[in-house]
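The values are calculated or read from the model by the stated rules, or taken from the named source; none is laboratory data. Bear in mind the structure is a predicted one, so any value in this text is a computation, not a measurement. So basically every Cβ, Gly included, is an ideal-geometry build from the backbone, and we count neighbours across all protein chains shown.
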Amino acid sequence: MKAMRSFNQFFSEIDCQFQCYNLGRIVSTVEKADFIDFEETRIPWQMPFLQHAWFALLFWKNKAHGENKVDLQANEAQQHVWFIKLPLDEQAKLNLAARDDFLRRLFEVLGNYLTLSQEQKSDNTEDKLNALQKAMQDNPYGFTPKPEQMANFHAMVHKQLNLPTSEFYSSTQNYLAKIADDTKHDNDWQSLGIQGFADICARLDESDTLKYNNEKLINNALSQLPIEPFTALCSCLENYKISHDMSDIIFQRLNTLLSNAPAELNQWCLAITRANAQASVSDKQIKLLQTVLGSAVKADIELLASLAGRSWHAVTQPEILPDFLEALALAESEYPGAFKAIVADLMFIPGLREVILAAFRSPERSPQLSQAIGSFFKTL
């Protein structure tokens, strides 16, 4: 039996097609060509998290008779998914030894399957796929996504493959429509699941037979939603580039909240920045982040970790990075080690190391930030 040298080769040998999804900082599709280039170490992983590539591989059996096209909706039950995390080197490129070890383990599970004829493989593929799926349960490179990641992954896959939405989709639409018209429905969200919000966010551009336009539904409800469903919605919006109109409405909600100073202001700000995480970097987004980082909750560690994890492309803009680092240095006194952990993770993202080092050299940094930077380099 020949050794496996890539995922692409592996899936070809077991007569399957595959699609990769990033599950690290956000949930997003990875183009097959980019994944192959990553495997060949021609490019780094674009969204490393904790020095690993976190991704899902969705794969399915090819049709019989050598056909390459697959009716995915008809074969939904035959789709399989692996959730994998692989270590990266100092350039955020794939650690080939870990990848090879992963493939070796799967190769052992396959046994003599790869020595069978094409006809024999066709007769046995589904049994082997089921065995491979079970093998991932004890694989050291596997991981279990968080519930909200699973919800968003499920919604994104079903949207892209033209599969049905979940049972929560229509009830979530109904709730958003009612909340926009009558805030007495505030408590109706308790019967909803996050999957419904994930389905709607994956289908922002869609309207359905109930004459609901999903983006309009969200825009109309954003200013009225109570904190729990607002947080659930924002945790789904973070995976998509929202429109300028939606971003404007979210910014208006932030300004209203800052004026009223509710007890849960840190939770509101966390949700708002998550919703805006993948919005195009613009004057509006920069103003929103400057507003949050100038507020009373600027040193909230969960907020800062979320900004670094989801809005890395925005917080490392020259207009934002100094304020972000100052807030992180302020949080260090209450959360020792947070500055190093968050900054080191940011610096691992391709292209950000020099940007952050340049900010470290700013003569305008505060004594508190200077001390945090000094401690950062001492503990490397």
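Is it the case that Val109 is under 30 Å from Met4 (Cβ atoms), at pLDDT 90 or above and β-branched (Val, Ile, Thr)?
No, not satisfied.
Say we look at segment 275-310 and pick out the residues that are part of a helix (DSSP H, G or I) and among the charged types (D, E, K, R); which of these is surrounded by the fewest Cβ atoms within 10 Å (Cβ to Cβ)?
Asp283
Please pick out the residue among Phe251, Phe230 that is of a type in the set (Phe, Trp, Tyr), more than 18 Å from Leu176 (Cα to Cα) and in contact with a helix residue (DSSP H, G or I) (Cβ under 8 Å, 6 or more places away or on another chain).
Phe251
Could we say that Asp245 is among the acidic types (Asp, Glu), at pLDDT below 95 and either over 19 Å from Ala180 (Cα atoms) or crowded, with 19+ Cβ neighbours inside 10 Å (or both) here?
It is false that Asp245 is among the acidic types (Asp, Glu), at pLDDT below 95 and either over 19 Å from Ala180 (Cα atoms) or crowded, with 19+ Cβ neighbours inside 10 Å (or both).
For segment 365-379, check the following and say yes or no: at least one residue is under 26 Å from Gly24 (Cβ atoms), surrounded by 15 or more Cβ atoms within 10 Å (Cβ to Cβ) and of a type in the set (Gly, Ala, Ser).
yes
Can you tell me which condition Gln149 does not meet? The list is (1) modelled with pLDDT under 95; (2) buried (at least 18 other Cβ atoms within 10 Å of the Cβ), and all the others hold.
It fails just one condition, (1).
Looking only at residues in segment 254-271 that are in a helix (DSSP H, G or I) and in contact with a Phe, Trp or Tyr (Cβ under 8 Å, 6 or more places away or on another chain), which one is farthest from Glu215 (Cα to Cα)?
Going through the qualifying residues, I end up with Leu257.
Look at Ile218 and say whether it is in contact with a Ser or Thr (Cβ under 8 Å, 6 or more places away or on another chain), buried (at least 16 other Cβ atoms within 10 Å of the Cβ), of a type in the set (Val, Ile, Thr) and at pLDDT 95 or above.
So Ile218 fails the test.
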